[in-house]
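These notes concern the structure reproduced below.
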Amino acid sequence: MLKRTPFVIALVVAILVSASTWFYVNRILRAQQIADAALHNRPRGNLSDLYPRWLGARELLQHGRNPYTTEITREIQQGYYGRPLDPARPYDPKDQQGFAYPVYVVFLLAPTVELSWDTVQFAFRWFLIALAAASVLLWVRVLHWRPTHGTIVILIVLILGWWPMVQGLKLQQLTLLVAGLLAGCGVCLSGGWLFCAGALLAVATIKPQLVWPLVLWLLLWAGSNWRSRRRFVFGFALVIMLLFGGAELVLPGWFGMFFHAIGEYHKYVQNESVLATLFGPLGGRIVGVACALGCFACLWSLRKEPESTEVFGRAYAVVLALAVTIVPMSALYNQVLLVPAILALVRGEISSDLILPAIRKARAIGAALFAWPWIATLLLTAAYPWLTPGVRERVWTAPLYSSLMLPIFVFGLSLLDVWMNRVPSLRDAVPAE
């Protein structure tokens, strides 16, 4: 019984902090958004990020209509916001919710276009929850980590109650699907199923802005030992050609339409990377290039590393953390791609690896940034009976305070972790405590 006490306490804490995030989102954040929308006459519809893609797929596959057109965009707005947006209204949302995805995303949604939206929305929500939980199991395998069953349960509970994951689940964001596909790709690589890994990576390009760093790294890795890794390239190339070819059949000339839609999306959303938000447009680009070059320099010697090793799994996680840091999108739900890097860092802490004191302090700061949303939501949940509308308006952003710094710390710490493990002289130079 005494042996189970630490696990029970840890599980109770995990459930408590995760529940506080969901309470905050459903009772505090939602109330603030509804009040603000009512004050500014801002529309609120189903607010599901799946809906624009689903409606576009339905109209294309059932009626042959081009999902990139203005007419489809206004129909999307009718469902997503509750009415079409009006440029004359200054408080209307800027995001037009156009169909800004590669058209081959419709092939993934094809089985759902005959169903009602309510059915699709309900099923997809539970599918994403199950996929998020399963992804934790997949990521620990990619990292060649063998935690206890109790540790896995606690990790799943925490991830399901982590603020970026909760936001992705509430919005029904396809980033969560992409994260699951990338976790599957990593597991297939570690298991030697290279063709399957390439195929899954190709499907994950439904959000190309998130996966292109990983695509470049894995193609470099495969080219470094072509004879034994060419099946990965074949799987990726075959599925990409099928997706592009199928998309051209259902909508000729779609590629140009997609790039135009992406350009329009960035115009009205004015998205930028977390680096650009923190350091300005020019400073963000300079720091982003430095991050990419540093990652390339660190991983260059690992390009011949076998896919079955722990170091390869850590390198895989670092590239995903780089993507979250440098891509021109600072949406919080994209941080679900930090999960493997965070798990790798947690594993290092649990295993009590010897590390330099400066790195230990940096990890402590990173842990504080990671834990802050839970601390804030716990405090807000406890104070809920006293949160008047005026007070709520001032404090509702508290869980977001660490959101911009977290990707930078996770990427930096993960890159340093990989560097220390790839250079034995550095790892062995850590003094005993």
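All of the numbers you see were taken from the coordinates with simple rules; none came from a lab. Keep in mind it's a predicted model, so treat the numbers as computed, not measured. A quick note on method: Cβ atoms are made from the backbone with ideal geometry, for glycine too, and the neighbour counts reach across all protein chains shown.
Just need the relative contact order of region 1-80 here, percent rounded to a whole number, with Cα pairs under 8 Å and 6+ apart.
24 percent
Provide the descending list of Cα extents for region 129-280 along its principal axes, expressed in whole angstroms.
51, 43, 34
For a test of the definition: using alpha carbon positions, the gyration tensor, and the 1.5 limit on a/c, classify region 1-128 as rounded, prolate or oblate.
The shape class here is oblate.
Quick one: longest stretch of the chain between exposed loop chymotrypsin sites (Phe, Trp or Tyr not before Pro), exposed meaning at most 15 other C-beta atoms within 10 Å and loop per DSSP?
Working: sites that count: 91, 401.
Answer - 92-400.
Can you give the charge dipole size of the chain about its Cα centre, rounded to the nearest 20 debye, using +1 on the beta carbon of Lys and Arg and -1 on the beta carbon of Asp and Glu?
With only Lys, Arg, Asp and Glu charged at Cβ, the dipole is about 580 debye.
Could you tell me the calculated FRET efficiency between residue 234 and residue 400, based on Cβ-Cβ distance and R0 = 60 angstrom, to the nearest 0.05?
Details: r = 43 Å, r/R0 = 0.72.
After rounding to 0.05, the efficiency reads 0.85.
Would you work out which of 154, 238, 166 lies farthest towards the positive end of the dipole of the chain? Charges go on Cβ: Lys and Arg +1, Asp and Glu -1.
Checked the options; the winner is 154.
Computed over the Cα atoms of region 34-106, what is the ratio Rg over Rh, Rh following Kirkwood?
Working: Rg = 12.9 Å, Rh = 12.7 Å.
So for region 34-106, dividing Rg by the Kirkwood Rh gives 1.02.
Distance in nm between label sites at residue 262 and residue 382, each 7 Å beyond Cα in the beta-carbon direction?
Using points 7 Å along Cα→Cβ, the separation is 4.7 nm.
Looking at 374, 324, 342, which one has the Cα that reaches farthest to the positive end of the dipole of region 307-388 (charges on Cβ: Lys, Arg +1; Asp, Glu -1)?
It is 374.
Find the relative contact order for the chain and round it to a whole percent, using C-alpha pairs within less than 8 Å whose residues are 6+ positions apart.
Once normalised by length, the contact order is 19 percent.
May I ask you to work out the translational diffusion coefficient for region 108-174 at 10 °C, viscosity 1.306 mPa s, via Stokes-Einstein with Rh from the Kirkwood sum over Cα pairs, reported in whole µm²/s? Intermediate results must be reported in sequence, preceding the final value.
Working: Rh = 13.4 Å.
Stokes-Einstein gives a translational diffusion coefficient of 119 µm²/s.
Membrane-span-like helices in the chain: DSSP H runs reaching 30 Å or more (Cα, own axis), mean Kyte hydropathy at least 0.0? Walk me through the numbers before you get to the answer.
Numbers: long enough: 117-142 (35 Å, 1.30); 226-250 (36 Å, 0.98); 357-382 (36 Å, 1.01).
Passing helices, by number: 117-142, 226-250, 357-382.
With each run of n ≥ 4 DSSP H residues scored as -39500 (n - 2.57), what mean residue ellipticity at 222 nm is computed for the chain after dividing by its residue count and rounding to the nearest 500 deg cm²/dmol?
It lands at -23000 deg cm²/dmol.
Arrange the following residues from fewest to most other Cβ atoms within 10 Å of their Cβ: 301, 402, 135.
Exposure proxy ranking, most exposed first: 301, 402, 135.
Work out the FRET efficiency for residue 224 and residue 141 from their Cβ-Cβ distance, taking R0 = 25 Å, and round it to the nearest 0.05.
The computed FRET efficiency comes out at 0.60.
Pairs of alpha-carbon atoms within less than 8 angstrom and 6+ residues apart define the contacts here; what relative contact order does region 170-301 have, in percent?
Reported as a whole number, the value is 17 percent.
Give me the extension gain from residue 279 to residue 119: residue separation times 0.36 nm, minus the current Cα-Cα distance, reported in nm with one decimal.
Details: separation 160, 0.36 × 160 = 57.60 nm, distance 4.37 nm.
Gain on extension, residue 279 to residue 119, equals 53.2 nm.
What longest range of the chain stays clear of loop-exposed trypsin sites (Lys or Arg not before Pro) (DSSP non-H/G/I/E/B, at most 12 other C-beta within 10 angstrom)?
95-303
Please compute the Kirkwood hydrodynamic radius of the chain from all pairs of different C-alpha atoms, in Å with one decimal. Please report the intermediate quantities before stating the final value.
On the way: mean 1/r = 0.0433 Å⁻¹.
Over the chain, the inverse of the mean reciprocal pair distance is 23.1 Å.
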